[in-house]
Amino acid sequence: MEKPLFQLVTIIADESLRKTIEEEIVNLGASGYTVSVVEGKGKNGARDDAWSGRNIKLETIVPNAIGERILAHLSTKYFNRYAVIVYTFDVRTIRSEHFEH
Amino acid sequence: MEKPLFQLVTIIADESLRKTIEEEIVNLGASGYTVSVVEGKGKNGARDDAWSGRNIKLETIVPNAIGERILAHLSTKYFNRYAVIVYTFDVRTIRSEHFEH
Amino acid sequence: MEKPLFQLVTIIADESLRKTIEEEIVNLGASGYTVSVVEGKGKNGARDDAWSGRNIKLETIVPNAIGERILAHLSTKYFNRYAVIVYTFDVRTIRSEHFEH
């Protein structure tokens, strides 16, 4: 069991962005990802409500360097125009070759 | 990328508690949350089996202080009477204004 | 709120392995778990693609010692023959008796 050199990156976004984001994170180095649908709700009256509606929740495990690259990309491309939530945390994993090119 | 000042709080509970818990966590300061349905199973014969059945899994990202408030509330209100699972861990996030009032 | 003595173990595997893995983790000491279905995609052309297809995502919270036992078991039994993803991270929890025998 190695030290956390990998992070789980979670992206919550509108379903319409799914295909684009999927392609982008693979291009940035993710070896794979899972997707599920989540229902979100935001506080009523929130002006910029990233939580609400039918969203996709995309999860990928990547080496830290690729995680930073994905976050930088999403931040630059989406955060001014779209309601996208991104968070990340360290995970320990076995079989790390699944998460690297 | 700031230091972890936010935590992801996950609540697993019976579907019948969904609406109440949703309202409570927003009242306690969560700016939004996602919900999905998970199937749970507990060890046969467990007397107080919080895992079993069709449950909702509610996730929210909140500043640490609000996370503590949510945990204290759930603990006081539900834990003697209901099978509710709550856990939390630190996350790094970008666009933190989504998670604050 | 105790220190992290528990970990969340996540197992992503083909649906055909569901029943077997469920039984195994309970036999190894998990007191319960949740299951949901996730769609996975791997990089095209990956030879050993653990992400792709309709998978189950199984999550359990266990004391650290049991987590290590589960990881060792899955690693030994599945990793040479099946595309299984396993990762783990520390969580803080209240009501820890749910996660112990």
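The values are calculated or read from the model by the stated rules, or taken from the named source; none is laboratory data. Quick caveat: nothing in here was measured; it's all calculated off a predicted structure. Note: ideal-geometry Cβ built from the backbone for every residue, glycine included; neighbour counts use all protein chains shown. Keep in mind that these areas ignore ligands, DNA and RNA; they rest on the heavy atoms of the full protein, side chains included. Shrake-Rupley method; radii C 1.70, N 1.55, O 1.52, S 1.80 Å.
Of the whole protein surface, A:Ser16 contributes about 90 Å² of accessible area at a 1.4 Å probe radius. In this view, the solvent-accessible surface of C:His73, computed with a 1.4 Å probe and all protein chains in place, comes to about 50 Å². In nanometres and ascending order, the distances from the C:Lys19 label point to those of the other copies are 3.8, 3.8 (point 7 Å from Cα along Cα→Cβ). Across the copies of the chain, C:Ser36 has label points (7 Å from Cα along Cα→Cβ) spaced 0.3, 0.3 nm apart, shortest distance listed first. Using the Cβ-Cβ distance between C:Thr76 and C:Glu39 with R0 = 25 Å, the FRET efficiency computed as 1/(1 + (r/R0)^6) comes to roughly 0.35. When A:Lys77, C:Lys19 are compared by accessible surface with a 1.4 Å probe, the order from highest to lowest is C:Lys19, A:Lys77. Copy-to-copy label distances for C:Phe79, where each label lies 7 Å from Cα along Cα-to-Cβ, are 3.5, 3.5 nm in order of increasing length.
3J(HN,Hα) couplings calculated from phi for region B:21-33 with the Karplus curve 6.51 cos²θ - 1.76 cosθ + 1.60 (θ = phi - 60°) are, in sequence order, 5, 4, 5, 5, 5, 5, 4, 7, x, 5, 8, x, 6 Hz; Gly and Pro show x.
Accessible area lost on pairing A with C, both sides, 1.4 Å probe, Å² to nearest 100?
Values: alone 6440 and 6450 Å², together 10780 Å².
About 2100 Å² of accessible surface is lost on pairing.
Calculate the mean, over all residues of peptide C:23-36, of how many other protein chain Cβ atoms lie within 10 angstrom of the residue's Cβ.
Working: counts 0, 0, 0, 4, 1, 0, 1, 4, 6, 12, 7, 11, 4, 7.
Mean partner shielding for this stretch: 4.
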